DNA sequence: CGCGGATTTGAACGGAGTCAATCCGCGTGG
DNA sequence: CCACGCGGATTGACTCCGTTCAAATCCGCG
């Protein structure tokens, strides 16, 4: 697993709604979540915005800034969080001293690329219900990896934010949650979700259409 | 610019339609295009597919395999191409010997992440016309960087493939090309495109809607 | 020439968006 | 303690953009 404790860095606390960085700011550090949740948001010049990532504890983000030396998106914490801020120069020196760190970092980079590819596949090829099903199953899996329940968990995002992440409108997300509930696939109350019939959810993804 | 000539690797030739790697195959190497064009394609279990990337000379791809040791998508050459195949173990040893290479590789990783974020923004937030305009302007810019004309170039992709890349159907792409043509924004014949009014194309992206 | 794949174009459909009303939960202040 | 306000969520009715289906044309190539 991801552990930079050898860097001897301490975590910093952030409050809900606080921005870790904003698009256009000089890139300085990458981030690892210890406790809490973060979303990344890409902005269009006319004000439209798109949630491009949702990050959970132990996950690394902020890598977008390396290419140009400036961040290209915003990162906003979704709840009071503890986040390990890793200055990029520290990371680089570690990287050159330890092949293990080097390989680990390469895998982290690659994992982020794969994550985004999944998102592209979703946004480009899936229907609304499929996206929501994929989203729920992905969350479930990630909570499981963290040692939490895979069948009952909290959405840390509003319907609006979920919609943005999935390329849908909030009303659509809400409607699909209701539909899934009526079909006995999930139970929802507010942001608390319980996956009642995981197999059926997965079927929504697998079954080819016409 | 991207140059791994110090690795002393020679290029290999590939024929149109040939796959450099397929989803599920063991990851071994990354690739740099010398001459030619490559698309990457993500697959859904039911057969649907999504073009996730279109790569031009000097561009690096194949990084998705590092995370899990297996490729997660297909890479297919679009024309007879010369491609530099860089075994990952070679890359790693270079990386540990030279900080310059290490930093360069980090930036390449990051660039790929940023590229995918742009695609996410497109697929999640843009309307069909905006996506096509953004696609054309992106191509134009990349041809310019390669020293080719920024205003007249060849699409290496079919309407089908462009549609897949943009999350649209081929008919929609075709219609929008026609519409742009009628509005005097571009000239199209087959896969040859000329940007007649770049400013107007850019306006399509910038102008906020209602 | 003639075939097959790519492209264009039209007509009709439908899934997700838009607009609007209502509800709900929660914190805040009278 | 309760009224109020406010942002988030739900639901319905209607719209519209992009898809689907279909037909015609183009074009490269054996």
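The values are calculated or read from the model by the stated rules, or taken from the named source; none is laboratory data. Remember, it's a predicted structure, so these values are computed and weren't measured experimentally. Here Cβ is always computed from backbone atoms with ideal geometry, including for glycine, and neighbour counts include all displayed protein chains.
General remarks:
- Complete set of residues in the range A:119-134 that are touching a residue at least 60 places away in the same chain (Cβ under 8 Å) and assigned to a helix (DSSP H, G or I): A:119, A:129, A:130, A:133, A:134
- Considering (1) buried (at least 17 other Cβ atoms within 10 Å of the Cβ); (2) over 14 Å from the mean Cα position of the chain (by Cα), the lone condition that residue A:182 does not fulfil carries the number (1).
- Residue match in the range A:109-119 (condition: buried (at least 21 other Cβ atoms within 10 Å of the Cβ), closer than 29 Å to residue B:63 by Cα, within 14 Å of chain B (Cβ to nearest Cβ) and within 13 Å of DNA strand D (Cβ to nearest atom)): no
- Residue check, residue B:173 away from chain A (no Cβ under 14 Å) and within 16 Å of DNA strand D (Cβ to nearest atom): no
- Residues of the range B:32-55 satisfying the condition of being within 18 Å of residue B:113 (Cα to Cα) and either within 14 Å of another protein chain (Cβ to nearest Cβ) or surrounded by fewer than 17 Cβ atoms within 10 Å (Cβ to Cβ) (or both): B:39, B:40, B:41, B:42, B:50, B:51, B:52, B:53, B:54, B:55
- Within the range A:177-202, the residues that satisfy the criterion of being assigned to a helix (DSSP H, G or I) and more than 9 Å from DNA strand D (Cβ to nearest atom) are A:180, A:198, A:199, A:200, A:201, A:202.
- Here residue A:140 fulfils each of the conditions (1) within 12 Å of DNA strand C (Cβ to nearest atom); (2) assigned to a helix (DSSP H, G or I); (3) within 20 Å of the chain's Cα centre (by Cα) apart from (1).
- Just one of the numbered conditions (1) assigned to a loop (DSSP other than H, G, I, E, B); (2) within 30 Å of residue A:97 (Cβ to Cβ) is not true of residue B:100: (1).
- Scan of the range B:161-191 for residues that are touching a strand residue (DSSP E or B) at 6+ places or on another chain (Cβ under 6 Å) and more than 8 Å from DNA strand C (Cβ to nearest atom), ordered by number: B:164, B:165, B:180, B:186, B:187
- Flag if residue B:157 is more than 28 Å from residue A:202 (Cβ to Cβ), at pLDDT 95 or above and assigned by TED's automatic domain parsing to the domain that holds residue B:185: yes
- Residue A:137 being away from DNA strand D (no atom under 15 Å from the Cβ), over 22 Å from residue B:168 (Cβ atoms), within 14 Å of chain B (Cβ to nearest Cβ) and without any contact (Cβ under 8 Å) to a residue 12 or more places away in the chain: no
- Only residues that are closer than 22 Å to residue B:142 by Cα, within 13 Å of chain A (Cβ to nearest Cβ) and touching a strand residue (DSSP E or B) at 6+ places or on another chain (Cβ under 7 Å) were counted in the range B:60-108, giving 6.
- Scanning the range B:185-197 for residues that are more than 20 Å from the chain's Cα centre (by Cα) and either closer than 27 Å to residue A:123 by Cβ or not assigned by TED's automatic domain parsing to the domain that holds residue B:130 (or both) returns B:185, B:186, B:188.
- Residue within the range B:161-168 that is touching a helix residue (DSSP H, G or I) at 6+ places or on another chain (Cβ under 6 Å), surrounded by fewer than 20 Cβ atoms within 10 Å (Cβ to Cβ) and either assigned to a strand (DSSP E or B) or more than 10 Å from chain A (Cβ to nearest Cβ) (or both) present: no
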